[in-house]
Amino acid sequence: MRVAAALSDAAGEAAARAARLSYGRLLAILAARTRDVSLAEEALAEAFARALEVWPRQGVPDNPEGWLVTAARNGLANVYRHDRVRAVAVADVIRVTEERAAQAPAFGDERLALMFVCAHPAIDAGARAPLMLQTVLGLDAARIAAAFLVPAATMGQRLVRAKARIRETGLRFAVPEAEVVPERLADVLEAIYAAFGTGWEAGPAADAGLPEEAIHLARVLLGLMPEEPEVKGVLALMLHAHARRRARRDGAGRFVALSDQDPALWDRDMIVEAEGLLVAAARAGRFGRFQCEAAIQSVHAQRGITGRVNIAALEALYGMLARFHPTVGGAVAHAAIRREAGDVAGALALLDGLPVAAREGYQAALVVRAHCLLDLGDRVGAAAVARRALEVTPDAAVRAHLGRVFGLA
């Protein structure tokens, strides 16, 4: 019994590891063969289910990912044998796609190609980036919903509708031609940055490697579109943030806020690279959302040189960001800067302009509001808001930090 239980545990862990680290790559491999995203996803899901049946009995294979791809392809072969008409249709799609391959860009990473597929104009705009996160990177609907600040049920419905749309329209995995790549770029960049942020917010104990994967995809994309300033912008933004990863926890594992971090712990080479990307992006003369956000991080990075943060520059940049790309996260960060500048009323005005769901359930908004209330001398109100912030904070280290800051520990 103990041996069987151990085998079952080992199989479950191996399957979970493959799902966490390789799902997107495996799906892209299958979709590249079938040109059918939905069918590839179904086949891979069946392969994982089969692994959980077989691996406890036979042991985890030396190459779990290879086993899963083979099992999924065998499943697809069975589907095609029982549906010859579909098999002929798929073969025809593959033939046509391969004939056009010489005119299509070489993506260098099948996951990136699949992300551009998910940005197809036939898919609802609000579902494209979330679909990439689920289909390519294997995140669940709850995690994706948190990244986009919407209820999990709403995001789940959005993803279901997107996949139904793919089935209804017969959308196939077909690498987009070079001329349509730029018009799909914004959705791909949003997904890459959302993936980075999801792993970043999860902390060092969860999703280790997801921020690095996002940076890798941005580098591949930059190789594909070296003249596109917003690709440089998103890569610079992520590099600036990732440069501070070692400073976000102290020796005891406690969370350290950006304003309290030791700049000596920041990765200088990463910051230098990010600054170089920003300068190169500026030469194009097309300022955009991600360049603006990267410039904000650049201002914070300057503290490592000057010893202070240029609040006036941050205020100006957040104002520009609100015009380029207004978001809940941007408005909350802008409110935090206004508070630091001494404009508590202005900070509260920005927070009051947020949607009700964000005002009541977005941790960052609650934290800034609690600080503002403390500034105004309302300790009771601040404590109530801070307790709510703790309730919606998943990271234990961040919860402990907030508890100390607001005297609730």
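Take Ala341 and tell me if it is farther than 30 Å from Ala252 by Cβ and either more than 29 Å from the chain's Cα centre (by Cα) or assigned by TED's automatic domain parsing to the domain that holds Pro151 (or both).
yes
What pairs come up if the first residue lies in region 137-166 and is not assigned by TED's automatic domain parsing to the domain that holds Glu42, the second is aromatic (Phe, Trp, Tyr) and assigned to a helix (DSSP H, G or I), and their beta carbons are under 7 Å apart, counting only those six or more places apart or on different chains?
From region 137-166, the pairs are Gly138/Tyr23; Met155/Phe148.
Considering (1) crowded, with 19+ Cβ neighbours inside 10 Å; (2) charged (D, E, K, R); (3) without any contact (Cβ under 8 Å) to a residue 12 or more places away in the chain, say which one Arg338 fails and leave the rest.
(3)
Could you pull out the residue among Pro229, Pro204 that is at pLDDT below 85 and either surrounded by fewer than 17 Cβ atoms within 10 Å (Cβ to Cβ) or more than 12 Å from the chain's Cα centre (by Cα) (or both)?
On the way: Pro229 fails: at pLDDT below 85.
Unique residue meeting the criteria: Pro204.
The values are calculated or read from the model by the stated rules, or taken from the named source; none is laboratory data. Keep in mind that what you see is a predicted model, and the values were worked out from it rather than measured. Ideal geometry is used to build each Cβ from the backbone, glycine not excepted, and the neighbour counts take in all protein chains shown.
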